[in-house]
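Enquirer: Got a structure here, written out as structure tokens. Questions coming.
The values are calculated or read from the model by the stated rules, or taken from the named source; none is laboratory data. Note that this is a predicted model, so its numbers are computed, not measured. As a convention, Cβ positions derive from the backbone with ideal geometry for all residues, glycine included, and neighbour counts pool all protein chains shown. Only protein heavy atoms, including side chains, enter the accessible area calculation; ligands, DNA and RNA are left aside. Shrake-Rupley method; radii C 1.70, N 1.55, O 1.52, S 1.80 Å.
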Amino acid sequence: MKRLNQLEESKFLKLFFAFISLCFLVAAVCMPDRKDMFSGLLEIIKNPAKVSTNYFSVGGFAGTFLNMGLVAAIMTVLFCITGAAVNNVATLAFLLTLGFCSWGINVLNMWPTMIGTALVALVKKQKLSTVLNAALFTTGVAPFLSDLLVRYPGAETIGFNWLGLGFALIAGVIMGIIVPAGLPHSPNVHKGMNLYSAALPVGMGAFLLNAIFYKVPGIALPAAIGDIKLASAPIVNIFCVALFGLCVVFALLMGGAKDYWKLLKNPNQVANVSGNCGNATFLMNVGVYGLFILAYYNAIGANFNGVQFGLIFCMLCTCNSGSRPTNVWPIMTGYVVASFAAKYVSAFLGGDFTLPVNAAAICVGLCYANGLSPITDKYGWVFSFVAAMIHYSIVTIVPNLHGGFCLYNGGFTAIFVCIILVPVLEKYCKTKEERKALKVAK
């Protein structure tokens with residue numbers, strides 16, 4: 001096992017992706033409704049997926065796990081056959097896309113924007129390996145593509161049609177132009193304080209598509225489908241404990257315990273865990289951070305529907321880009337405090353409070369507030385605590401921009417938090433390093 005720790009980063013991460021894919025495929029055939037696995041997957045494919053659609057309700061547990069496993073396997077194969085370099089960014093793209101596969105992405109609606117990205121790359125004479133991460137990020141508007149494919153311009157599902165397919169390909173090309181072009185510019189906006197950097201071009205692309213296809217022609221936005229309440233805490237907990245537990249065991253066998261403790265105590269941002277700290281440390285962070293996320297959602301009373309199951313992996317996706325329990329806890333705490341504060345303020349003002357910390361929208365919001373963890377590393381926990389409270393306050397308003405078709409809503413919200421907060425921090429506050437230097441000078 002210790003030889004795996006010496007394996008080249010890209011090869012190890014591809015093995016990790018294959019392992020994750022296998023876990024979901026095996027889980028699919030272990031679900032209590034496994035006899036309906038393929039029919040459930042078909043229901044997921046042929047129905048709309050607007051945020052928030054609970055795939056547990058639409059396609060059942062086995063159908064959802066099958067969809068997740070197949071998409072994960074497809075991504076793994078694409079990374080292998082294109083020869084793409086697999087690093088922390090690829091890990092983020094893989095796990096984030098996987099997480100959305102229980103509430104918005106499926107084996108059909110993932111393709112239009114990926115094809116659009118590939119076509120743009122071919123026109124620009126770029127290798128597909130250089131745009132694969134960007135192509136995966138474009139799937140953040142997959143729910144929009146499902147609507148175009150099966151029910152646009154009405155609200156009732158009419159099934160696949162040629163007009164919808166044409167619109168979906170047009171939307172795919174638009175995203176294939178916007179996202180790869182916008183990715184390098186996104187850090188200039190958030191100054192490296194948001195790990196969900198792709199959320200800016202994806203969110204703006206969804207904003208544009210919503211305007212073109214709905215707002216301008218005056219077409220009413222359709223609602224999500226399915227029963228959001230259908231859930232299974234036992235299935236989610238058993239699967240996640242088994243998966244993350246295996247990651248911890250394998251990491252220990254690889255000798256990652258000592259180095260992982262160093263990572264937890266590191267006061268600075270570690271932008272690439274697998275590259276800078278080794279494969280075993282990365283795998284240990286997957287396991288420990290995954291269990292940490294699961295514990296949080298259990299503690300707040302999440303009901304573990306398809307959306308909240310996927311959120312675990314959407315939040316885990318930053319595990320190779322610097323997020324870990326020691327820099328995320330202030331964000332979790334900020335969300336909890338903001339929820340209780342809002343409840344009391346609402347009662348004082350006579351409002352109708354609907355956003356407790358375990359509400360579906362707030363569970364989703366917290367997942368992506370996790371992307372603000374670089375603020376903890378650079379400025380300290382107090383400031384990421386404040387950032388989380390701001391994120392809580394605006395995360396349910398941002399969907400008005402994209403019409404509820406952008407899966408990256410929480411990451412897009414984190415961009416706005418950075419636009420509001422980072423200039424204030426740079427103007428009035430000192431970084432941890434600057435405060436340390438001043439203390440030494442005294």
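Enquirer: Given (1) within 25 Å of the chain's Cα centre (by Cα); (2) farther than 27 Å from V395 by Cβ; (3) not basic (K, R), identify the lone condition not met by I228.
Expert: Failing condition for I228: (2).
Enquirer: Identify, please: which residue in the range 151-165 is in a helix (DSSP H, G or I) and without any contact (Cβ under 8 Å) to a residue 12 or more places away in the chain and is, among those, most open to solvent (accessible area, probe 1.4 Å)?
Expert: Among residues in the range 151-165 that are in a helix (DSSP H, G or I) and without any contact (Cβ under 8 Å) to a residue 12 or more places away in the chain, the one most open to solvent (accessible area, probe 1.4 Å) is W162.
To keep it simple, each residue is scored yes or no on (1) over 17 Å from the mean Cα position of the chain (by Cα); (2) open to solvent by less than 10 Å² (accessible area, probe 1.4 Å); (3) within 23 Å of I312 (Cα to Cα).
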| position | (1), (2), (3) |
| --- | --- |
| Y55 | no, yes, yes |
| T76 | yes, no, yes |
| L95 | no, yes, yes |
| N106 | no, yes, yes |
| L122 | yes, no, no |
| K127 | yes, no, no |
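Enquirer: Among (1) among the charged types (D, E, K, R); (2) more than 18 Å from the chain's Cα centre (by Cα); (3) open to solvent by less than 10 Å² (accessible area, probe 1.4 Å), there is one condition R324 misses while meeting the rest; what is its number?
Expert: (2)
Enquirer: Taking the range 341-381 on its own, how many of its residues are open to solvent by 10 Å² or more (accessible area, probe 1.4 Å) and under 22 Å from V398 (Cβ atoms)?
Expert: Matching residues across the range 341-381 total 17.
Enquirer: Here is a follow-up. Taking the condition β-branched (V, I, T), open to solvent by 10 Å² or more (accessible area, probe 1.4 Å) and either out of contact with any strand residue (DSSP E or B) (no Cβ under 9 Å at 6 or more places or on another chain) or in a helix (DSSP H, G or I) (or both), does V141 pass? Even if it seems obvious, please write down each step before you answer.
Expert: Values: β-branched (V, I, T): yes; open to solvent by 10 Å² or more (accessible area, probe 1.4 Å): no; either out of contact with any strand residue (DSSP E or B) (no Cβ under 9 Å at 6 or more places or on another chain) or in a helix (DSSP H, G or I) (or both): yes.
Answer is no for this residue.
Enquirer: Regarding V337, is this residue buried (at least 24 other Cβ atoms within 10 Å of the Cβ), touching a residue at least 12 places away in the same chain (Cβ under 8 Å) and not aromatic (F, W, Y)?
Expert: On the way: buried (at least 24 other Cβ atoms within 10 Å of the Cβ): no; touching a residue at least 12 places away in the same chain (Cβ under 8 Å): yes; not aromatic (F, W, Y): yes.
It is false that V337 is buried (at least 24 other Cβ atoms within 10 Å of the Cβ), touching a residue at least 12 places away in the same chain (Cβ under 8 Å) and not aromatic (F, W, Y).
Enquirer: Out of the range 288-318, which residues are assigned to a helix (DSSP H, G or I), buried (at least 24 other Cβ atoms within 10 Å of the Cβ) and of a type in the set (G, A, S)?
Expert: Across the range 288-318, the qualifying residues are G306, G310.
Yes/no matrix, rows are residues, columns are (1) open to solvent by 10 Å² or more (accessible area, probe 1.4 Å); (2) of a type in the set (V, I, T); (3) modelled with pLDDT of 95 or more:
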{"residue": "K11", "(1), (2), (3)": "yes, no, yes"}
{"residue": "S21", "(1), (2), (3)": "no, no, yes"}
{"residue": "L41", "(1), (2), (3)": "yes, no, yes"}
{"residue": "I44", "(1), (2), (3)": "no, yes, yes"}
{"residue": "V89", "(1), (2), (3)": "yes, yes, yes"}
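Enquirer: Grab the helices (runs of 4 or more DSSP H) fully contained in the range 166-261, keeping just those with 2 or more residues being surrounded by 16 or more Cβ atoms within 10 Å (Cβ to Cβ) and of a type in the set (D, E).
Expert: The helices (runs of 4 or more DSSP H) meeting that bar number zero.
Enquirer: Looking at (1) surrounded by fewer than 17 Cβ atoms within 10 Å (Cβ to Cβ); (2) within 30 Å of Y214 (Cα to Cα); (3) hydroxyl-bearing (S, T, Y), which is the only condition Y428 fails?
Expert: (2)
Enquirer: One residue is enough: does the range 369-376 have a residue meeting the conditions outside any loop (DSSP other than H, G, I, E, B), under 18 Å from the mean Cα position of the chain (by Cα) and without any contact (Cβ under 8 Å) to a residue 60 or more places away in the chain?
Expert: Checked the range 369-376: at least one residue is outside any loop (DSSP other than H, G, I, E, B), under 18 Å from the mean Cα position of the chain (by Cα) and without any contact (Cβ under 8 Å) to a residue 60 or more places away in the chain.
Enquirer: Separate question: Hey, N133 hits all of (1) open to solvent by 30 Å² or more (accessible area, probe 1.4 Å); (2) over 17 Å from T97 (Cα atoms) but one; which does it fall short on?
Expert: N133 satisfies all of (1) open to solvent by 30 Å² or more (accessible area, probe 1.4 Å); (2) over 17 Å from T97 (Cα atoms) except (2).
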